[in-house]
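Asks: What follows is a single structure, and I will ask about it in a moment.
The numbers here are math on the coordinates, done by the rules we state, and not lab data. This one's a predicted model, so the numbers in the text were calculated from it and none came from an experiment. Using ideal geometry, Cβ is built from the backbone for each residue, glycine included, and neighbour counts are taken over all protein chains shown.
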Amino acid sequence: MRIQTDFLVVGSGIAGLSYAIKVAEFGKVLIVSKSVLDETATGYAQGGIAAVMYTPDSYEKHIADTMKAGSFLNDEEIVRLTITESTERVKELIDWGTQFDMEGSGRYALAREGGHSEFRVLHHQDKTGAEIQRALTEKIKEHPNITILENHFTVDIITQHHLGQIVRRSRNDITCYGAYVLDPTTGIVHTVLAKTTMIATGGAGNVYQTTTNPVIATGDGIAMVYRAKGVVDNMEFVQFHPTSLYNPHEKPSFLITEAMRGSGAVLKNFNGKEFMHRYDARGSLAPRDIVARAIDNEMKLSGSDHVYLDARHLKEKEILEHFPAIHAKCLSLGIDIRKEMIPVVPAAHYICGGVRTDQYARTSITNLYASGEVSSTGLHGANRLASNSLLEALVFSHRASIDASGKIDSLELCEGIPDWNAEGTVLNEEMVLITQSRKELQAIMSSYVGIVRSNLRLKRALDRLEILFKETEDLYDKSVLTVEICELRNMINVAYLITKFASQRRESIGLHYTIDYPPTTEINQKS
Ligand code: FAD
Ligand code: SIN
């Protein structure tokens, strides 16, 4: 089927939906989501959204914290514009119906997380993302200009390549005309022609064995844009959240929000002893890269599979009011967090890099925007400050909406695009070829391209990824399209980019830590 729209939006998290709400005032919008609308990383967010709301906080303080967390590899201009627009964007989210927790005084209750010098994180208990997703979904569903295609998988964006032209990365007039979208229930690939396309496909945590990310996070958007010869950046910086609940077979790993450490919970090693002060003066509230590495080191020293987060000294009222979901989850596993320590382990959580964008979320491909976790705006540098990603998505989706709506009337659909050609492909009867490769990929990335890296580990990863790449491309060329083969292909692509970028960075900085180039200020690794 051929579908025509003004604005194509791939992704239904905070980036996709907040953009769609705005551009819907200017034309027809089609939102494509590979799962149900609210199965997004956005819906899983716990801690909250960072914004400057009241004194003594200030834009300058939030900017300084963001730059420091990012080891000053951030783009300062982008940091400044994101933070100075934070208050306005969050107020808009509130106007759209999002409810954040209040204090008795009528002000918003603000939490503090690692790396923040002030209390500035708006939250809804420990279910902030679910509340944001609820409000946005309700708003979207009432708009007559918006059509939603749930459970549809975007395979590739359409460019001049599909008109039979040779498209090289050096070409500076690559243009996006829409995307090919697979309906997995019928196997039909729709040709969606769009005047502008927004890629808001979220992260890629599933390239690792242990991740807090939902199953949808397979890096599809990054891979699609890279295949279309768009510019991708900053890929070596993968954030591992220090505290996911240790429960080996659960996917995704359940997050224990950093806000719990902000409220006073403390990390302890396998022997029940505090250790973070040996690594950083900020203790358990140091930035994530430092805490994750410290935990990794403590686990290696003791040979244990996890460490503990101790919240036993927090007031019962605080636990029940602020962390009801964590309390209930742990209780369901037989852990009463009021009386017992929580076993925790780091898990892949957030990819700082992605599709490179400018101040208006424009990618290097004309009429293609990217916002949210899929993008690399320059905000995060070498490490993302906690709770800055929901904010980033809001700011850049807003900016993209200004640019896209401003030019929509001057754009035409490209009619000459051929439909998807499935000639010569057959149904792959052996799912094991895909599932086994996926497991291998995750094992390679977790063993060689995780929290601590080395030249040798990265080289091993690249060699093995090359084999997986060849086998999978071969299978892809012969197979009828399925979500599983497309995701595997995208994950291999993203894993390759993470590893390649990591190999090229010959220093330890932020989230990229390699034993071959130790940092100038070495952490104390002795117990
Ligand atoms: P998502 O919300 O992940 O949405 C991606 C969308 O793209 C989905 O609808 C998906 O179906 C769709 N999609 C993907 N690929 C395709 C495809 N091929 N075809 C069609 N559709 C596709 N950040 C904070 O700032 N504060 C927090 O407190 C916080 N807590 C977090 C807790 C957890 C457990 C996790 C996992 C993340 C957390 N983060 C937090 C990070 C933050 O939630 C995400 O970075 C952010 O929600 C990403 O939003 P997004 O709109 O870019 O992507
Ligand atoms: C958390 O609640 O700890 C996650 C916050 C984030 O990822 O920004």
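Asks: Determine the relative contact order of segment 1-103: mean sequence separation of Cα pairs under 8 Å and six or more apart, normalised by residue count, in whole percent. Provide the component values of the computation, followed by the final result.
Replies: Details: 71 pairs, mean separation 20.8, N = 103.
For segment 1-103, the relative contact order is 20 percent.
Asks: A further question on this structure: For VAL32, what residues show an amide H to amide H distance below 5 Å, using hydrogens built from the backbone and excluding near sequence neighbours?
Replies: Distant-sequence amide H within range of VAL32: VAL9, VAL10, GLY11, LEU149.
Asks: Mind ordering 508-519, 113-124 by average Cβ neighbours within 10 Å, highest first? Please list the in-between numbers first.
Replies: Values: 508-519: 19.6, 113-124: 22.8.
Answer by packing, highest mean first, reads 113-124, 508-519.
Asks: Something else: Could you work out the local net charge near ASP516, counting Lys and Arg as +1, Asp and Glu as -1, over the other residues with Cβ closer than 13 Å to its Cβ?
Replies: On the way: positive: ARG453, ARG457, LYS459, ARG505, ARG506; negative: GLU507.
Here the count lands on +4.
Asks: What Kirkwood hydrodynamic radius, in Å, does segment 377-449 give when the mean of 1/r is taken over all pairs of distinct Cα atoms and then inverted?
Replies: Numbers: mean 1/r = 0.0551 Å⁻¹.
Averaging 1/r across every pair of different Cα atoms and inverting gives 18.1 Å.
Asks: Would you mind checking which residues have amide H under 5 Å from ARG356's amide H? H placed 1.01 Å from N; only 5 or more apart, or other chain.
Replies: Here the answer is VAL231, VAL232, ASP233, SER376, since their amide H atoms fall under 5 Å of that of ARG356.
Asks: Can you work out ³J(HN,Hα) from phi for every residue in segment 178-188, in order, using Karplus 6.51 cos²θ - 1.76 cosθ + 1.60 and θ = phi - 60°, giving whole Hz and x for Gly and Pro?
Replies: Values per residue, Gly and Pro as x: x, 7, 8, 10, 8, 9, x, 6, 9, x, 6 Hz.
Asks: Between ARG171 and SER58, take the C-beta separation as r, use R0 = 51 Å, and let me know the FRET efficiency to the nearest 0.05. Kindly include the intermediate steps, with their values, before the conclusion.
Replies: Working: r = 44 Å, r/R0 = 0.86.
With a Förster radius of 51 Å, E is 0.70.
Asks: Here's something else I'd like to know. Out of the DSSP beta bridges found with both residues in the chain, what percent are antiparallel (nearest 5)? Don't skip to the answer; put the middle values down first.
Replies: Details: 34 of 59 bridges.
Looking only at bridges with both residues in the chain, the antiparallel portion is about 60 percent.
Asks: Run the helix sum for the chain: -39,500 (n - 2.57) per DSSP H stretch of 4+ residues, divided by residue count, reported at 222 nm to the nearest 500 deg cm²/dmol. Walk me through the intermediate numbers first.
Replies: Details: 15 runs with 184 residues, N = 527.
My calculation for the chain gives -11000 deg cm²/dmol from helical runs alone.
Asks: Which pairs break 23 Å Cα to Cα here: LYS470/LYS500; LYS229/LYS251; LYS127/LYS439; LYS34/LYS500; LYS139/LYS317? Numbers along the way, then the final one.
Replies: Values: LYS470/LYS500 17 Å; LYS229/LYS251 32 Å; LYS127/LYS439 30 Å; LYS34/LYS500 28 Å; LYS139/LYS317 33 Å.
In this structure, LYS229/LYS251; LYS127/LYS439; LYS34/LYS500; LYS139/LYS317 exceed 23 Å between Cα atoms.
Asks: Which lysines have a Cα less than 18 Å from the Cα of LYS315, not counting those fewer than 8 places away in the same chain?
Replies: Answer for LYS315, where 18 Å is the Cα cut-off: LYS339, listed by chain and number.
Asks: A further question follows. Among THR197, SER170, PRO418, whose Cα sits farthest toward the positive end of the charge dipole of the chain (+1 at Cβ of Lys/Arg, -1 at Cβ of Asp/Glu, about the Cα centre)?
Replies: Farthest towards the positive end: SER170.
Asks: Next question. Report the dimensions of segment 96-182 along its three principal axes from the alpha-carbon atoms, largest first, rounded to Å.
Replies: The Cα atoms of segment 96-182 stretch 63, 36, 19 Å along the principal axes, largest first.
Asks: Which is farthest toward the positive dipole end of segment 240-344 among ASN271, CYS330, LEU320, measuring Cα position about the Cα centre, with Cβ charges +1 (Lys, Arg) and -1 (Asp, Glu)?
Replies: Positive-end residue among those listed: ASN271.
Asks: Regarding segment 287-403, what is the average projected area of its C-alpha convex hull, in nm²? Display every interim value, and only then the final one.
Replies: On the way: hull surface 39.6 nm².
With the hull built on Cα positions only, its mean projection is 9.9 nm².
Asks: Placing unit charges on C-beta atoms (Lys and Arg positive, Asp and Glu negative, everything else neutral), compute the dipole magnitude of the chain about its Cα centre in debye, rounded to 20.
Replies: On the way: 56 positive and 66 negative charges, 234 e Å.
It works out to roughly 1120 debye.
Asks: Using only alpha carbon pairs under 8 Å that are at least six residues apart, calculate the relative contact order of the chain and give it in whole percent. Don't skip to the end; give the middle numbers.
Replies: On the way: 1168 pairs, mean separation 112.4, N = 527.
It comes to 21 percent, rounded to a whole number.
Asks: Which of the three applies to segment 42-122, rounded, prolate or oblate, going by the alpha-carbon gyration tensor with a ≥ b ≥ c and a/c under 1.5 meaning rounded?
Replies: On the way: a/c = 1.71, a/b = 1.58, b/c = 1.09.
Because a/c hits 1.5 or more and a/b exceeds b/c, segment 42-122 counts as prolate.
Asks: Right, another one. Let me know the whole percent of all Cα-Cα pairs from segment 228-309 that are separated by more than 19 Å. Please report the intermediate quantities before stating the final value.
Replies: Numbers: 1371 of 3321 pairs.
That tail contains 41 percent of the Cα-Cα pairs.
Asks: About the Cα centre, and with charges only on the beta carbon of Lys, Arg (+1) and Asp, Glu (-1), how big is the dipole of segment 371-500? Nearest 20 debye, please.
Replies: On the way: 14 positive and 19 negative charges, 217 e Å.
In debye, rounded to 20, segment 371-500 gives about 1040.
Asks: When the C-alpha atoms of segment 1-150 are aligned to their principal axes, what extent does each axis show, in angstrom, from largest down?
Replies: Between the extreme Cα coordinates on each principal axis of segment 1-150 lie 54, 38, 25 Å.
Asks: Semi-axes of the equivalent ellipsoid of segment 425-527: what are they in whole Å, largest first, if each equals the square root of 5 times a C-alpha gyration tensor eigenvalue? Each step should come with its number before you reach the end.
Replies: Details: eigenvalues 229, 28, 19 Å².
Ellipsoid half-lengths, sorted descending, are 34, 12, 10 Å.
Asks: Here's a follow-up. Using a Förster distance of 30 Å, how high is the FRET efficiency between GLU250 and GLN436, based on the Cβ-Cβ distance and rounded to 0.05? Kindly include the intermediate steps, with their values, before the conclusion.
Replies: Numbers: r = 21 Å, r/R0 = 0.71.
For R0 = 30 Å, the calculated efficiency reads 0.90.
Asks: Restricting everything to alpha-carbon atoms, can you work out Rg to Rh for segment 354-416 with a Kirkwood hydrodynamic radius? The partial results should precede the final answer.
Replies: On the way: Rg = 13.2 Å, Rh = 12.5 Å.
Across segment 354-416, the Cα-based Rg/Rh ratio is 1.05.
Asks: Which three extents, in angstrom, do the Cα atoms of segment 205-254 have along their principal axes, listed largest first?
Replies: So the three principal-axis extents are 39, 19, 12 Å.
Asks: Dipole of segment 435-508 (Lys/Arg Cβ +1, Asp/Glu Cβ -1, origin at the Cα centre): which of GLN436, VAL494, SER446 lies farthest to the positive side?
Replies: My answer, from the dipole projection, is SER446.
Asks: Sum up the charges of everything whose Cβ sits under 13 Å from the Cβ of ARG362, counting Lys and Arg as +1 and Asp and Glu as -1, but leave ARG362 out.
Replies: Values: positive: ARG356, ARG399, LYS407; negative: ASP358, ASP403.
In short, +1.
Asks: Near the amide H of PHE275, under 5 Å away, which other amide H atoms are found, from residues 5 or more places off or on another chain, if H is placed in the peptide plane?
Replies: Answer set, sorted by chain and number: ASN269.
Asks: Counting Lys and Arg as +1 and Asp and Glu as -1, what is the net charge of the other residues whose Cβ lies under 12 Å from the Cβ of ILE402?
Replies: Working: positive: LYS22, ARG362, ARG399, LYS407; negative: GLU25, GLU85, ASP403.
For residues surrounding ILE402, the net value is +1.
Asks: Please get the size of the charge dipole for segment 333-447, origin at its Cα centre, with Cβ charges of +1 on Lys and Arg and -1 on Asp and Glu, quoted in debye to the nearest 20. Kindly include the intermediate steps, with their values, before the conclusion.
Replies: Values: 9 positive and 14 negative charges, 149 e Å.
So the dipole magnitude of segment 333-447 works out to roughly 720 debye.
Asks: Roughly how tilted is helix 86-95, in degrees to the nearest 10 and between 0 and 90, from the longest Cα axis of the chain?
Replies: In the chain, helix 86-95 runs at an angle near 80 degrees to the longest axis.
Asks: Read phi for every residue in segment 8-25 and hand back ³J(HN,Hα) as whole Hz from Karplus 6.51 cos²θ - 1.76 cosθ + 1.60, θ = phi - 60°, with x for Gly and Pro.
Replies: 9, 10, 9, x, 10, x, 4, 5, x, 6, 5, 5, 4, 4, 7, 6, 4, 6
Asks: While we're on this one: Compute the distribution of all C-alpha to C-alpha distances in the chain, in bins of 20 Å from 0, and list the percent of pairs in each, rounded to whole numbers.
Replies: 23, 58, 19, 0
Asks: Residues of segment 60-77 with the amide nitrogen closer than 18 Å to a label point 7 Å from the Cα of GLU103, along Cα-to-Cβ, please.
Replies: Hits in segment 60-77 for GLU103 at 18 Å: 62.
Asks: Give a residue-ordered list of calculated ³J(HN,Hα) values for segment 71-76 (Karplus: 6.51 cos²θ - 1.76 cosθ + 1.60, θ = phi - 60°; whole Hz; x for Gly, Pro).
Replies: Whole-Hz 3J(HN,Hα) from phi for segment 71-76: 6, 6, 7, 5, 8, 4.
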